[in-house]
Every structure is written in structure tokens, then in C-alpha cells.
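The values are calculated or read from the model by the stated rules, or taken from the named source; none is laboratory data. What you are looking at is a predicted structure, and each value in this text was computed from that prediction instead of being measured. As a convention, Cβ positions derive from the backbone with ideal geometry for all residues, glycine included, and neighbour counts pool all protein chains shown. SASA here: full protein model, heavy atoms, side chains in, ligands and nucleic acids out. Shrake-Rupley method; radii C 1.70, N 1.55, O 1.52, S 1.80 Å.
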Amino acid sequence: MNKVFGTSGDRCGWPQAMLFDLDGTLIDSVADIATSVNILLAKESLPPLTVDEVRAMIGNGMAKLVERAFKARGIDLEGDRLTDMTARMMDIYKDHLTEETILLDGAEDMLRAYSVAGIRIAVVTNKPEAFSRRILDHFGLGAIVNCVVGGDTGPARKPAPDMLLHAVAEMDLHASRALMVGDSPADIGAAVAAGMVSVAVRGGYTTVPVEELGADVVIDSLRQLPAAIEKLKEPA
């Protein structure tokens, strides 16, 4: 089966839904995340990390971020200790969600344009759902997002396909009718596992070259999404 258009090969009306990652795709949140990580480390009398160090640690959820941060300071967290530190990190970060976080170029324009065009919009992120909704509301985008699936919503986190499949099911669609837009191995890996077409945006939070993520198309900016979609609609 063609993963884009189903057995019919019908290119009309595709995509019916667009799924977006949040951090590194729609928003640049690394400054606020780094601030929160360093507050947590300071409480443990540990030296701070640079923003670039934290940027390389983002992905796969809050617990993995905390684990990586402490690992960088020579401390292996696991079990109850990791759970406790993750809870403390979330308590800190909830007060720093939007202090320095900004929308990435084209994010608002693309979401609004595709929403007006009748395409359903989902945000699928390993960030906690409540935090994600607060950030979207802060930027005035909550009302146009049809579905938010966060790392604590329930389904297994990206790069497993479950969150993406949950999102399209919530919107009464099949994966073949949707497009995933992300910036990291977790995003594109989840799309591949879900049998969903994907677009990778350059400049996000990935230590893997974006060309090696396995996306169907790579773009430099969200503003290139319309051209990417038209390219994906072209006959093979």
C-alpha cells in the first residue's frame, strides 16, 4: 500500500490532517528548558549546563532530559531517584514555560492557513500535555489545534508510532490521510513506524543530520511546507 494515498492513489484532498511536533518544530523552547534544568542542578549543588548542551538533550520526554542532564554531571539517575528528580523538574519548568520561548518562523502562519483551509491540526509531543496546551494558548493557537497528544496522554511515546496513531484516531482518520512534521529522530521514527508521510524541518533539536532522519522531504523552514506538500502529491 502506498503510505501516502492508500490503495486508490487518490491525491485529491491530501492531507486531511497535519501533525506537528512542538519543541524544535513549532517553538524554540530551549532557553526556558535550560533555565529549568539549571535550577534543578543548582539545588543539587551541581554546575550549570550550557544552552547548547541542553539542546542536544531534548527529545524522548522529560525523564530522559533529566537523566541526560545528571549524566552530564557524572550522576546516573534511575528508579525512584529519577522519578523524584523528574517530578521536581516538572514543578520548576511549569513556572518557566513561556518566559523566553518563541514561535519559530512560519509556525503561526502555517497553522492558521491550514486550519482555515479545513485541514485538521494536531500537536504530538513528548512534552506533558498540560504544558503543551498552556504554551499553545499563550501564543493564541490553542483554539485552532484540534488534538493535542502529550508524553503523558497515554500512548507510548515517540519514536513509537502510538501517539501519532492515537491523534489520527481522535480525528477519525487513517494514518495515510495525515502528514507528520517534526525535527528529530523521535518524530520521523514515529512517522515511519506509523506508515505516515513525514516532513523534517531543519534547525531543530537533533544530533543526527536532518537528511539522515528518514523523512520523505526535508525543508529549511515551515514556510516551505506548501511547496513540500505539492512535491509529495506529485506522481511517483
Item checked: Solvent exposure of the stretch 103-174 as accessible area per residue, Å², 1.4 Å probe -> 44 Å²
Next item on the list: Show me 32-40, 223-231, 118-126 ranked by packing, highest mean number of other Cβ atoms within 10 Å first.
Entry: 118-126, 32-40, 223-231
Notebook entry, point to check: Hey, what angle do you get for helix 62-71 against the long axis of the chain, alpha-carbon based, 0 to 90 degrees rounded to 10?
Noted result: 50 degrees
Next item on the list: Could you sort 106-117, 50-61 so that the peptide with the highest average Cβ count within 10 Å comes first and the rest follow in order?
Entry: 50-61, 106-117
Item checked: Fraction of accessible area attributable to carbon and sulfur, the chain (%, probe 1.4 Å) -> 51 percent
Next item on the list: Take each of the peptides 15-24, 165-174, 207-216, average the number of other beta-carbon atoms within 10 Å over its residues, and list them starting from the highest.
Entry: 15-24, 165-174, 207-216
Check: Using alpha-carbon positions, what is the distance between the centroids of the stretch 172-209 and the stretch 102-170, in Å?
Finding: 13 Å
Next item on the list: Could I have the simple spin-label model distance between Asp84 and Glu211, label points 7 Å from Cα toward Cβ, reported in nm to one decimal?
Entry: 4.8 nm
Note to self: I want to check the label-to-label distance for Glu108 and Asp137. Put each point 7 Å from Cα in the C-beta direction and report it in nm to one decimal.
What the structure shows: 1.8 nm
Notebook entry, point to check: Hey, what angle do you get for helix 185-194 against the long axis of the chain, alpha-carbon based, 0 to 90 degrees rounded to 10?
Noted result: 40 degrees
Check: For labels at Ala31 and Asp172 in the simple 7 Å Cα→Cβ model, what's the distance in nm?
Finding: 4.3 nm
Checklist line | Between helix 79-93 and the chain: long-axis angle, C-alpha atoms, 0 to 90°, nearest 10 | finding: 80 degrees
